[in-house]
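For reference, the structure discussed in these notes is given below.
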Amino acid sequence: MLRIAVPNKGSLSEPAAAMLHEAGYRQRKDSKELVLVDPENNVEFFYLRPRDIAIYVGSGRLDVGFTGRDLLLDSEANAEEVLSLGFAGSTFRFAGPPGVASSVKELEGRRIATSYTGLVRQHLAEHGVTAEVTKLDGAVETAVQLGVADVIADVVETGTSLRNAGMEVFGDPILVSDAVVIRPVGAEEDPAVDQFLRRLQGVLVARRYVMMDYDIRAERVHEAVALTPGLESPTVSPLHSEGWVAVRAMVLRKEAQRIMDDLWSIGARAILVTNIHACRL
Ligand SMILES: Nc1ncnc2c1ncn2[C@@H]1O[C@H](COP(=O)(O)OP(=O)(O)OP(=O)(O)O)[C@@H](O)[C@H]1O
Ligand SMILES: O=P(O)(O)OC[C@H]1O[C@H](OP(=O)(O)OP(=O)(O)O)[C@H](O)[C@@H]1O
Ligand SMILES: [Mg+2]
């Protein structure tokens, strides 16, 4: 049975469970459940603290897990990213009161508070900077106000927390992160894992693409197909009315409205867009 680690709380938890649900897996109904067996799919889900997931997967006791790229790299666990999931996006950055520093080079000898000491130490080492790193569990923005640190390094999503604390980011982003699926480093090929990843990839495609159908006069089909090339090649079928064809192709959801306008302007009609619920490409 495939053993899968799922975040039990925090920013990753709900979207990870939603993605698993879309991929056809059972998910827990009660947030107090710690283990859930899905016998139909032959998988077992372990609901764990997001920060601990890389450690469990790195130890080889669990086959796959959902976590954040930042949490994975911070943990220094023996696990690696195998799929990026496009949710829980954030950057990991230095911040401090305005003017405190403008780059990592200026942090020599300074005090840095963070919940991600692994990431910060690796970054300082890469830049040959020696600084005092203090580990805090959360709410690190307050550390500067209370005099525990000169600057912080933290997850920035909208920037609201920093603004509210009167701080600004400085220097280059330390890391760009999003939710990822991880496996133990060097794990053997496993058909069950491959099938699991294909299901998740199917969800990612179904979220990014829509199906577009339209009718167009046969002499303009080349222009139309240039606008909707599909992933491999669009389906073109004859219509009962002579001189017309029907075209069906996948298009990026975010481009669908512009493509419909362009198709309309070259004479396409009955342009329909539908959601894709699931796919294997
Ligand atoms: N606004 C955000 N705040 C915190 N983490 C975020 C945010 N947006 C995305 N993430 C990502 O979520 C992961 C952090 O998960 P975690 O469960 O620690 O979140 P949390 O909301 O900080 O929970 P906790 O209550 O444990 O502090 C990281 O990968 C981080 O990059
Ligand atoms: O840029 P923003 O959109 O404001 O989001 C980033 C903030 O959210 C997280 O804090 P969280 O609420 O998880 O509290 P914590 O610091 O106690 O973990 C993170 O640590 C930042 O403080
Ligand atoms: Mg947090």
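The values are calculated or read from the model by the stated rules, or taken from the named source; none is laboratory data. Nothing here was measured: the structure is a model prediction, and the numbers come from that model. Cβ coordinates were reconstructed from backbone atoms using ideal geometry, including for glycine residues, and neighbour counts include every protein chain displayed.
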| request: Out of the residues in region 117-158 that are touching a residue at least 24 places away in the same chain (Cβ under 8 Å) and in a helix (DSSP H, G or I), state the one that is nearest to ligand 1 (Cβ to nearest atom). | output: L119
| task | Looking only at region 214-221, decide whether some residue is surrounded by fewer than 15 Cβ atoms within 10 Å (Cβ to Cβ) and either under 23 Å from V57 (Cβ atoms) or within 16 Å of ligand 2 (Cβ to nearest atom) (or both). | result | no
| remark: Looking across region 226-254 at residues that are hydrophobic (A, V, I, L, M, F, W, C) and free of Cβ contacts under 8 Å to residues at least 24 places away in the same chain, the single one that is surrounded by the most Cβ atoms within 10 Å (Cβ to Cβ) is V236
| field | Residue under evaluation I112, criteria (1) more than 30 Å from R208 (Cβ to Cβ); (2) within 15 Å of ligand 3 (Cβ to nearest atom), criterion not met | value | (2)
| request: Look at R49 and say whether it is at pLDDT 95 or above and either surrounded by 18 or more Cβ atoms within 10 Å (Cβ to Cβ) or away from ligand 3 (no atom under 16 Å from the Cβ) (or both). | output: no
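Every residue, every condition in (1) farther than 27 Å from G138 by Cα; (2) aliphatic (A, V, I, L, M); (3) within 16 Å of ligand 2 (Cβ to nearest atom); (4) within 21 Å of the chain's Cα centre (by Cα), yes or no:
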{"site": "L2", "(1), (2), (3), (4)": "yes, yes, no, no"}
{"site": "E14", "(1), (2), (3), (4)": "no, no, yes, yes"}
{"site": "L20", "(1), (2), (3), (4)": "yes, yes, no, yes"}
{"site": "Y25", "(1), (2), (3), (4)": "yes, no, no, yes"}
{"site": "K29", "(1), (2), (3), (4)": "yes, no, no, no"}
{"site": "L34", "(1), (2), (3), (4)": "no, yes, no, no"}
{"site": "V37", "(1), (2), (3), (4)": "yes, yes, no, no"}
{"site": "V43", "(1), (2), (3), (4)": "yes, yes, no, no"}
{"site": "Y47", "(1), (2), (3), (4)": "no, no, no, yes"}
| Residue check for G202: modelled with pLDDT of 95 or more, away from ligand 2 (no atom under 16 Å from the Cβ), assigned by TED's automatic domain parsing to the domain that holds G118 and not hydroxyl-bearing (S, T, Y) | no
| field | Criterion: in contact with a Phe, Trp or Tyr (Cβ under 8 Å, 6 or more places away or on another chain) and not basic (K, R) - qualifying residue of D178, D194 | value | D178
| task | Go through region 183-280 and tell me which helices (runs of 4 or more DSSP H), entirely inside it, have 2 or more residues that are among the small types (G, A, S), under 30 Å from V64 (Cα atoms) and in contact with a strand residue (DSSP E or B) (Cβ under 6 Å, 6 or more places away or on another chain). | result | none
| query | Looking at G202, G230, which one is closer than 29 Å to A5 by Cα and of a type outside the set (D, E)? | reply | G202
| remark: Requiring at least 1 residues that are among the small types (G, A, S), the strands (runs of 3 or more DSSP E) wholly within region 33-95 are 64-68, 79-84
| request: Would you tally the residues in region 6-32 being away from ligand 3 (no atom under 16 Å from the Cβ) and in a loop (DSSP other than H, G, I, E, B)? | output: 10
| Quick one: how many residues across region 143-158 are within 13 Å of ligand 2 (Cβ to nearest atom) and over 26 Å from A88 (Cβ atoms)? | 0
| On the given criteria, is M167 of a type in the set (A, V, I, L, M), touching a strand residue (DSSP E or B) at 6+ places or on another chain (Cβ under 7 Å) and crowded, with 18+ Cβ neighbours inside 10 Å? | yes
| Members of region 256-271 that are within 18 Å of P229 (Cβ to Cβ) and among the aliphatic types (A, V, I, L, M) | A256, I259, M260, L263, I266, A268, I271
| message | Looking at G10, G109, G60, can you tell me which residue is touching a residue at least 12 places away in the same chain (Cβ under 8 Å), in the same structural domain as G128 (by TED's automatic domain parsing), on the phi > 0 side of the Ramachandran plot and of a type outside the set (S, T, N, Q)? | response | G109
